[in-house]
Each structure stands twice: as C-alpha cells, then as structure tokens.
Amino acid sequence: MRVRMPLAVVMAGLALAGCGTSADPNETKPVSATSVAVTTAVQATPSAHAAVQVGADSDGKDVSLAVGQGLIITLEANPTTGYAWELGGLDQNVVKQNGSPEYEQDPKPSGTVGVGGRSVANFVAVAAGSTRLSLQYKRAWEQGVEPAKSFTLNLTVH
C-alpha cells in the first residue's frame, strides 16, 4: 500500500493536469503546490537547475536564472489585515508568474486569531533576457495609495 498510494497521487495529478479547456495554449493557469510538485517530478532531469529561493533580505538584489529554472519568493504577510502581495511589474516574456501566491500561516497557539505567516510566490524563467520583478504589499481596494511595502529583484535569464 505504501508504494501504490504515492503512485495513485501522482497519476491523479497528471490526469488533472491534462484536463485543460482553454483554447489559448499560452494562457497562464493557476497552479497548486501539488501540481507544481507533480510537474517538477515529471519534468526534472539530472541536469535541471534547482529553484532559487529568496526572501525579504534579497530586496533590490540581482538574481541570475537559467531558462526553465524556478524562482520562489517568500515574504511575510498577514491577509487578516487586508494586505496581500501583488505583482507590480514583470516582463512575462522573460519570467512568468506560476499561479497565484500561496499563503502559509505561522503555527498559532490555541484560541488566537489574526496570526500572520508567509506569502509564497512561484515564477519560472521562460526565455533569455532581463526584467525587473516588482511586488507590492497593499490592499486591493485602496486605489491611489502607496503600498505598505515593496520588493524588487533584477532578474537576468541566460
């Protein structure tokens, strides 16, 4: 049973991944952590580059990626405040956002509410070139208001 269950999970993920209905093959589709793991497991080769993982300490830095390499950005967030990290700028012909950011809540003591956590955004390098990735921590309904925080990376894909 131990061998069959992971195989069943992978097969179910592959079956679901193939169930797209979009007529546009270039359309970006939301991707769950499970489908990312399944896709990565299926596409991984011995020569594949590991995803680059960065956090708030990389703000404003230069990052180099290979075509096909992933980029994972993890930043502190607390959606109970109404704030969320939103994509401010990115040339998606060079680096494409892979789904929407996912939220990971910090462990909380029993009975507490409003505990923060982390927003995890996934990207993939799709073509050689350079682009600036900009994220803004703001409330979607507040128009014309400066973001509470911002995060940028200068990306070069080779």
How many of the residues in the range 41-83 are in contact with a strand residue (DSSP E or B) (Cβ under 9 Å, 6 or more places away or on another chain), modelled with pLDDT under 95 and of a type in the set (S, T, N, Q)? 1
Selection from the range 56-79 of residues that are over 27 Å from residue 148 (Cβ atoms) and surrounded by fewer than 18 Cβ atoms within 10 Å (Cβ to Cβ): 64, 66, 67, 68
How many residues of the range 90-100 are open to solvent by less than 30 Å² (accessible area, probe 1.4 Å) and either within 13 Å of the chain's Cα centre (by Cα) or at pLDDT below 95 (or both)? The answer is 2
Would you check which residues across the range 80-89 are open to solvent by less than 30 Å² (accessible area, probe 1.4 Å) and either without any contact (Cβ under 8 Å) to a residue 40 or more places away in the chain or closer than 14 Å to residue 132 by Cβ (or both) and list them? 89
Quickly run through the range 103-157 and pick out the residues that are part of a strand (DSSP E or B), open to solvent by 70 Å² or more (accessible area, probe 1.4 Å) and either farther than 28 Å from residue 52 by Cβ or touching a helix residue (DSSP H, G or I) at 6+ places or on another chain (Cβ under 8 Å) (or both). 103
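The values are calculated or read from the model by the stated rules, or taken from the named source; none is laboratory data. As the structure is a prediction and not an experimental result, all values here were calculated from the model. So basically every Cβ, Gly included, is an ideal-geometry build from the backbone, and we count neighbours across all protein chains shown. The area values use the complete protein model at the heavy-atom level, side chains included, leaving out ligands, DNA and RNA. Shrake-Rupley method; radii C 1.70, N 1.55, O 1.52, S 1.80 Å.
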